[in-house]
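The values are calculated or read from the model by the stated rules, or taken from the named source; none is laboratory data. Bear in mind the structure is a predicted one, so any value in this text is a computation, not a measurement. Here the Cβ is made from the backbone with ideal geometry for all residues, glycine too, and neighbour counts use every protein chain on show. Ligands, DNA and RNA are stripped out before the accessible areas are found, and what is left, the full protein with its side chains, is counted by its heavy atoms. Shrake-Rupley method; radii C 1.70, N 1.55, O 1.52, S 1.80 Å.
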There are 2 protein chains.
Amino acid sequence: MSGTDPVCTAPSAGPQPSASCTGTVSHTLAWVARLHRIAMGRRLRDLGLYPGQELMMMRLWDCGAVRQSELIQSLGLDPSTVTKMLQRMEQCGYVRRSPDPADRRAVLVAATEEGLALRAGVENAWADLEQSTLAGLAPAERAELARLLGLVGENLAKEAGEDACAPGPGALC
Amino acid sequence: MSGTDPVCTAPSAGPQPSASCTGTVSHTLAWVARLHRIAMGRRLRDLGLYPGQELMMMRLWDCGAVRQSELIQSLGLDPSTVTKMLQRMEQCGYVRRSPDPADRRAVLVAATEEGLALRAGVENAWADLEQSTLAGLAPAERAELARLLGLVGENLAKEAGEDACAPGPGALC
DNA sequence: CCCGATTAGTTGGCCGACCACATATTCATG
DNA sequence: CATGAATATGTGGTCGGCCAACTAATCGGG
């Protein structure tokens, strides 16, 4: 790493040399991701969900009754995160949890009627956000963005171990 | 278990909007951002910082003594988030907070010696992550990714109101 | 000059997310 | 068949982050 990366110092002719290193892709990525999360959060709040819970529900809508460990792996989250999230969502009436008769350690999770009722709203919110996000981008640009993000994701997944979720393979499902 | 779950039933052709099936840019973006945050978190932990604190420190390194409200605006965070973060960072010895003599409501924040000592490590971590993130991407691809992310960011910033952080204006100190 | 509106910061509560640790249950092997 | 490894889940704690409600100080009119 003798890289001599003039990280910040660079008085680059770029558009925004604002505070220390604002020119990096990393910064922009973090910034965009936060805006995206906030935007999704607004849409979800009207539905009675918190950011992150919609992914859980999507998995449940697709798979019916699932073991909690499956959710943990498919969402790439920490087990404790899933446990607590499900406890809250159960208390809100969106999911039902029951012991797995085949494995007394495991817990089976399924969406309730109320949970199913959210599906249309969430899918609509998701599509709406996607559209708003990509407004003004040509199809080719959208494809390129998706491709580049995928490459970056692989880089990061490689470095961070091999956990995390898998957007592409969609093995099951 | 029994393979072939036609879960994502739609064998349909084309861009099935079936929300759950992970094809959207939004999904990929959220996924990549999470990996990115985790990767940065690892690097920061070795330095004694938590994710998000490095942005605060960067601002302080650049601006010297700043009013808290300035930090709030430049980082685009909630006031309470900044208050609590600074309280912890002060207790860790990275920053010092003092009342502004010119405005008895305001608080001036500045990095301590210990805080300044982190600068090299953070910049190095940031550069290292940037490199790891963009590994395998040609310069043109990196530029294109930055451009597209910028466009997406503008879209989201527009919709989310006028707050959020601004990599652009860089009104800076 | 006084009183309302704006600004600056704090506290409490809640959620997502992580880690470290603890528990129950199944599995694999000797 | 017993025993240790692996699995599935839960607890407690900490952080970043948001919202809502509150205090304190400054600013603007009337």
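Assorted remarks:
- Residue check for A:ARG37: out of contact with any His (no Cβ under 6 Å at 6 or more places or on another chain), in a helix (DSSP H, G or I) and at pLDDT below 95: yes
- Within the option set A:LEU134, A:LEU129, A:LEU151, being free of Cβ contacts under 8 Å to residues at least 24 places away in the same chain, more than 10 Å from DNA strand C (Cβ to nearest atom), facing another protein chain (nearest Cβ under 9 Å) and surrounded by 19 or more Cβ atoms within 10 Å (Cβ to Cβ) holds for one residue only, A:LEU134.
- Picking from residues in region B:48-80 that are open to solvent by less than 60 Å² (accessible area, probe 1.4 Å) and hydroxyl-bearing (Ser, Thr, Tyr), the one that is nearest to DNA strand C (Cβ to nearest atom) is B:SER80.
- Any chance B:THR112 is modelled with pLDDT of 95 or more, of a type in the set (Val, Ile, Thr) and either within 18 Å of A:ARG34 (Cβ to Cβ) or surrounded by fewer than 20 Cβ atoms within 10 Å (Cβ to Cβ) (or both): yes
- B:LEU77 in contact with a strand residue (DSSP E or B) (Cβ under 9 Å, 6 or more places away or on another chain) and of a type in the set (A, V, I, L, M, F, W, C): no
- Qualifying residues in region A:36-47 (those that are within 9 Å of chain B (Cβ to nearest Cβ) and either charged (D, E, K, R) or farther than 24 Å from B:VAL152 by Cα (or both)) - the one least open to solvent (accessible area, probe 1.4 Å): A:ARG42
- Considering (1) within 27 Å of A:LEU149 (Cβ to Cβ); (2) modelled with pLDDT of 90 or more; (3) over 25 Å from the mean Cα position of the chain (by Cα), the lone condition that B:ASP100 does not fulfil carries the number (1).
- Qualifying helices (runs of 4 or more DSSP H) (wholly inside region A:48-112; at least 3 residues being within 14 Å of chain B (Cβ to nearest Cβ) and within 12 Å of DNA strand D (Cβ to nearest atom)): A:68-75
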